[in-house]
1. What's the angle, to the nearest 10 degrees (0 to 90), between helix 103-127's Cα axis and the longest principal axis of the chain?
2. Starting from the alpha-carbon convex hull of the chain, give the projected area averaged over all orientations, in nm².
3. Ordered by residue, what ³J(HN,Hα) values in Hz, to whole numbers, does the range 10-17 give under the Karplus form 6.51 cos²θ - 1.76 cosθ + 1.60, where θ = phi - 60° and Gly and Pro are x?
4. Pull out the extension gain between residue 50 and residue 214, defined as 0.36 nm times the separation in residues minus the alpha carbon to alpha carbon distance; nm, one decimal.
5. Relative contact order (percent) for the chain, with alpha-carbon contacts under 8 angstrom and 6 or more residues of separation?
6. Highest mean first, what order results for 16-22, 211-217, 149-155 on Cβ atoms within 10 Å?
7. Summing -39500 (n - 2.57) over the DSSP H runs of n ≥ 4 in the chain and dividing by its residue number, what mean residue ellipticity at 222 nm do you reach, to the nearest 500 deg cm²/dmol?
8. Rounded to the nearest 0.05, what FRET efficiency do residue 57 and residue 6 have when you use their Cβ-Cβ distance and R0 = 45 Å?
Amino acid sequence: MAATLLFFVLLAVAVIFLLVLLALYLVPVTVEAATDCTRESARAKATVTWGIVGVRVRVTGDLQVVEILLAGRPVMTRDLAEMAKPSPPEEREEKERRPALSTSEYLSAAGDLWPHVKEIIAAFFRSLYLERLWGDITLGLESPATTGTVYGYCTAVRYALWPADAIDFVMTPVFDREVFEGAVLLRLQIRRPLLILIPVVRALLQRPVRERLRQVSGRGAVGV
């Protein structure tokens with residue numbers, strides 16, 4: 001009886017694990033960011049969702065919150081100002097007691113970690129898909145010449161990306177006053193997130209990588 005129960009428990013765990021892997025392969029991560037700015041106010045919002053789970057950051061005037069979403073509805077809200085408060089004195093003292101790494105040690109760690117980081121970055125960009133980039137900006141700088149230069153660069157980039165249907169970005173220059181108004185919307189997907197997690201897990205399974213990460217984070221030295 002106990003062996004049968006253990007078998008079904010292990011089978012259920014295996015099925016759940018396979019379903020999670022399948023979801024990580026099939027369900028994309030959606031990233032959406034929107035901001036608008038006027039003379040009176042500025043607002044920004046960024047949302048990251050995977051399936052029915054998501055995280056949203058909203059900044060509007062004095063309101064700065066991060067929300068955990070479930071099926072698009074906030075189930076937990078935290079104030080960013082509270083989260084950004086300095087750590088307690090005990091934690092600061094502990095961090096100060098940790099020996100600081102030299103520049104050569106950081107460079108050595110970066111050199112050892114770079115092959116793994118490069119593989120993760122490559123997997124990330126292969127999975128990235130731009131759905132929409134829209135913007136309508138009115139810009140006027142202190143110097144009309146600088147305004148013209150920025151407008152020229154933006155126009156050149158706009159026409160270089162003109163065949164891309166997902167991109168629609170317009171800038172209106174103003175030469176007689178300083179102004180920065182407009183709105184920007186960015187929406188993209190990270191498809192096949194499992195293909196990004198594979199090189200991450202593969203790197204973390206290697207002991208030298210874990211030791212280097214502990215060394216850089218200050219939680220240990222190489223070989224400890």
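1. 80 degrees
2. Computed as one quarter of the Cα hull surface, the answer is 20.2 nm².
3. Calculated HN-Hα couplings, in order: 5, 5, 5, 5, 5, 5, 4, 4 Hz.
4. 56.1 nm
5. Once normalised by length, the contact order is 24 percent.
6. Averaged packing, sorted descending, gives the order 211-217, 149-155, 16-22.
7. -15000 deg cm²/dmol
8. Given R0 = 45 Å and the Cβ-Cβ separation, E is 0.55.
Every read-out reported here was derived from the displayed coordinates using simple, explicitly stated rules and does not represent laboratory data. Since this is a predicted model, take the numbers as computed values, not measurements. Backbone-built Cβ (ideal geometry, glycine too); neighbour counts: all protein chains shown.
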